[in-house]
Amino acid sequence: MLNKIKNIFIEKFGEKPVIFRSPGRVNILGEHTDYNEGFVLPAAIDKNIYIAISKRNDNIIQLYAADFDEMYTTDTANVKVSSTQWANYILGVVDQLQKKGHALTGFNIVVDGDVPIGAGLSSSAAVECATIYALNEIFSLGLDRLTMTPLAQKAEHVFAGVNCGIMDQFASMFGKKDHVIKLDCRSLDYEYVPLKLEGYKIVLLNTNVKHNLAASEYNTRRQQCEKGIALINEHRPEIKSLRDVTMDMLKKYVEPTDPLVYQRCKYVVQENERLLMACEDLKKGNITALGEKMYETHNGLRFFYDVSCKELDFLVEYVKNIPAVAGARMMGGGFGGCTINLVKEEAIEKLVADVSLAYTEAMKLPLTAYIASIEDGTKRCS
Ligand code: GLA
């Protein structure tokens with residue numbers, strides 16, 4: 001990958017680049033909790049976005065996406081949302097840096113990688129994190145990871161129009177080999193928990209669909225959670241987020257007025273509780289208990305939060321009664337992408353073969369499987 005991107009860069013721009021990488025992520029538990037100031041349990045994986053970069057002597061910004069064989073050119077005074085979607089993740093970061101008062105001059109970038117796009121593995125966060133890390137280094141901006149991460153998140157809000165939480169960018173930036181990150185999304189305090197899977201591996205099953213409503217429904221869920229808080233605030237003005245909400249408050253103040261918003265909020269409150277218990281399971285090496293919680297999360301996302309789809313449900317239902325699978329659930333924002341499965345190592349090959357056949361027959365779609373290993377976050381590679 002490094003040689004490939006270096007050669008493309010030399011071919012396009014006639015000089016040698018500096019190369020950075022930033023990984024995609026998985027999330028063990030804690031879905032749709034990040035923007036509710038709750039907890040998440042993500043980890044960076046062995047799939048990366050690479051940014052090859054060099055500074056220019058003028059103010060031109062030239063971006064080339066190897067995957068799309070497409071060049072995008074602008075200049076530092078004209079950084080705005082583009083109809084070229086992939087460029088927005090880079091331009092959004094430039095925009096955030098400029099808004100913070102960092103005067104950047106021109107640069108060349110080649111972007112490439114092996115994080116599958118639209119698979120719920122946060123390829124967009126990986127592009128944002130690799131970009132901000134690269135710009136920080138070549139322009140000597142002196143920013144630390146904790147400063148860069150929210151800027152990468154903000155780039156997604158403004159230039160991709162998704163009002164995402166901080167989980168994906170945080171996981172990409174702060175990943176640590178063989179550890180999951182227990183992140184408190186309110187304080188950004190975090191703890192690395194060793195991922196000891198006791199003979200199980202993380203298997204990702206990619207539905208190969210991304211339904212169109214993903215972005216709009218995501219923003220709607222955020223609003224529904226905010227509505228829940230507003231209803232509670234009529235009686236308890238001190239409550240700031242679903243993090244501080246109890247089932248009792250939801251029953252009293254939300255359910256009678258808005259049963260749908262109640263369902264959404266109930267899922268989030270339960271998911272936070274589940275995650276704290278899941279961390280204990282992980283510390284004790286109780287993978288069976290952890291796996292059961294993953295199935296509970298899937299049900300919550302499917303029936304109460306309503307962000308699953310028939311392809312994801314098919315995959316979770318299929319593995320549910322297989323003893324070699326400790327747990328499975330949809331992962332990420334929803335409406336497509338991957339399921340995350342904890343599977344006994346010796347059973348993976350057969351499981352993947354069987355589920356692929358069944359999935360393709362039922363959904364008329366191909367299934368892609370990956371075994372994810374857990375790696376370090378954003379880095380300079382050359
Ligand atoms: C997407 C968002 C994250 C998070 C997840 C759901 O991946 O980018 O911030 O909200 O969905 O947990």
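Here are a few things to note about the model shown:
- Share of pairwise Cα-Cα distances greater than 19 Å in segment 53-108 is 22 percent (whole percent).
- Based on alpha carbons, the Rg and Dmax found for segment 264-317 are 11.9, 34 Å.
- Within the accessible area of the chain, the carbon and sulfur atoms contribute 50%, probe 1.4 Å, all protein chains present.
- Unsatisfied cross-links (Cα-Cα over 26 Å) in the set K227/K310; K154/K320; K177/K201; K182/K284; K12/K100: K227/K310; K154/K320; K12/K100
- Ordering of 94-107, 307-320 by packing is 307-320, 94-107, highest average first (other Cβ atoms within 10 Å, averaged per residue).
- Volume per residue that the Cα convex hull of segment 311-382 spans, once the total is divided by residue count, Å³: 130 Å³
- More than 19 Å apart - percent of Cα-Cα pairs taken over segment 8-90: 56 percent
- The Rg/Rh ratio for the chain, using Cα coordinates for both the radius of gyration and the Kirkwood hydrodynamic radius, is 0.98.
- Compactness relative to 2.2 N^0.38 Å, alpha carbon Rg of segment 207-295: 1.30
- Highest to lowest packing among 37-44, 271-278, scored as the average C-beta count within 10 Å: 37-44, 271-278
- Longest to shortest principal axis, alpha-carbon extents of segment 85-155, angstrom: 34, 25, 18
- Projecting the Cα atoms of Y318, F304, N286 onto the dipole axis of segment 270-363, where Lys and Arg carry +1 and Asp and Glu carry -1 at the beta carbon, places N286 farthest toward the positive end.
The values are calculated or read from the model by the stated rules, or taken from the named source; none is laboratory data. Since the model is a prediction, treat every value here as computed from it, not as a measurement. FYI the Cβ positions are ideal-geometry reconstructions off the backbone, even for glycines, and counts take in every protein chain you see. Calculation scope for accessible area: heavy atoms of the full protein, side chains included, ligands and nucleic acids excluded. Shrake-Rupley method; radii C 1.70, N 1.55, O 1.52, S 1.80 Å.
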